[in-house]
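S.K.: Next up is a structure, given as structure tokens.
Throughout, read-outs are computed from the coordinates displayed, never taken from laboratory work. Just so we're clear, the structure is a prediction, and the values are computed from it rather than from any experiment. All Cβ positions, glycine included, derive from the backbone under ideal geometry; neighbour counts span all protein chains shown.
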Amino acid sequence: MKCPFCDDPNTQVTDTRENEDGDVVRRRRRCLKCDKRFTTYERIDLKMPHIVKRNGNRSEFDHAKLTSSMSLALRKRPVTTEALEAAVDRIEAKLLSLGENEVPSEKVGELVMKELKKLDKVAYIRFASVYRNFADVDEFSEIIREVQTRPKRGRPANPPSPDPEHDLFGS
């Protein structure tokens, strides 16, 4: 590590500590030339895929935008911040596990809808109405019927798909 004060490449680590989660390492360093001390942080840098929009434009994945859009759907709903953050983490993990450099925005939207459906049915309907651009009341009625389906005789309304890769809505 190069010294930020004198640019000398010879520095010595004097102390190393991990944060509570173990995902960041803090290192205190001392320059062997000018004897000044400084701190560096080491963390994993995972590369999220670029998002390909419907019009073909590409943009970087934006954690804040994902969280904000889900928060908007969950506004005034009884869902904790921790539950929202866990849902966002699951979406990000799924995107990373795809191993793709680019992912269509439709895939992200479907992942968001899947998570919202688990968190809160009203938020799911709110998000779906905007995401799918509902044109009339019939489309609202259809999605409301979808979330109102009740399991019969202890069986799930939508049995799990044998292939989780193709199981965006449990159908």
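S.K.: What number, in nm² with one decimal, is the all-direction average of the projected area of the convex hull of the alpha-carbon atoms of the chain? Walk me through the numbers before you get to the answer.
M.R.: On the way: hull surface 60.2 nm².
For the chain, averaging the hull's shadow over all directions gives 15.1 nm².
S.K.: Compute the signed sum of charges (Lys and Arg +1, Asp and Glu -1) over the other residues within less than 15 Å, Cβ to Cβ, of CYS6. Write out the running numbers ahead of the final one.
M.R.: Details: positive: LYS2, ARG29, ARG30, LYS33, LYS36, ARG37; negative: ASP7, ASP8, ASP35.
Every neighbour counted, the sum reads +3.
S.K.: When the chain is treated as a GNM, springs tying every alpha-carbon pair under 10 Å, which of PRO49, PRO104, PRO78 comes out with the largest mean-square fluctuation?
M.R.: Of PRO49, PRO104, PRO78, the most mobile in the Gaussian network model is PRO78.
S.K.: Still on this structure, please answer the following. For the chain, set up a GNM with springs between Cα atoms under 10 Å and report which of VAL52, VAL24, VAL112 has the largest fluctuation.
M.R.: Evaluated over the chain, the most mobile residue of the options is VAL24.
S.K.: Hey, in the GNM for the chain with a 10 angstrom Cα cutoff, which one of GLY56, GLY99, GLY22 fluctuates hardest?
M.R.: GLY22
S.K.: Dividing the alpha-carbon radius of gyration of region 62-150 by 2.2 N^0.38 Å (N being the number of residues), what value is obtained?
M.R.: On the way: Rg = 13.4 Å, N = 89, 2.2 N^0.38 = 12.1 Å.
Working it through for region 62-150, the quotient is 1.10.
S.K.: Give a quick list of GluC sites (Glu not before Pro) in region 1-73 that DSSP marks as loop, anything other than H, G, I, E or B, with at most 13 other Cβ atoms within 10 Å.
M.R.: On the way: sites: GLU18, GLU20, GLU42, GLU60; in loops: GLU20, GLU60.
Hits after loop and neighbour filter: GLU20, GLU60.
S.K.: May I ask for the net charge around ARG27, where only other residues with Cβ less than 10 Å from the Cβ of ARG27 are counted and Lys, Arg are +1 while Asp, Glu are -1?
M.R.: Working: positive: ARG17, ARG26, ARG28, ARG29; negative: ASP15, GLU42.
Once positives and negatives cancel, what remains is +2.
S.K.: Evaluate the Kirkwood expression for the hydrodynamic radius of region 1-54, namely the inverse of the mean inverse distance over all pairs of different C-alpha atoms, and round to one decimal in Å.
M.R.: Numbers: mean 1/r = 0.0762 Å⁻¹.
Taking every pair of different Cα atoms in region 1-54, averaging 1/r and inverting gives 13.1 Å.
S.K.: Rounded if a/c is under 1.5, else prolate if a/b is larger than b/c, else oblate: which is region 32-106, with a ≥ b ≥ c the root eigenvalues of its Cα gyration tensor?
M.R.: Here region 32-106 falls in the oblate category.
S.K.: How far apart, in nm, are the 7 Å Cα→Cβ label points at SER59 and LEU46?
M.R.: With each label point 7 Å from Cα toward Cβ, the separation is 2.2 nm.
S.K.: Check each of the chymotrypsin sites (Phe, Trp or Tyr not before Pro) in region 5-52 and keep only those in coil by DSSP with at most 15 other C-beta atoms within 10 angstrom; list them in order. Display every interim value, and only then the final one.
M.R.: Details: sites: PHE5, PHE38, TYR41; in loops: PHE5.
Answer by residue number: PHE5.
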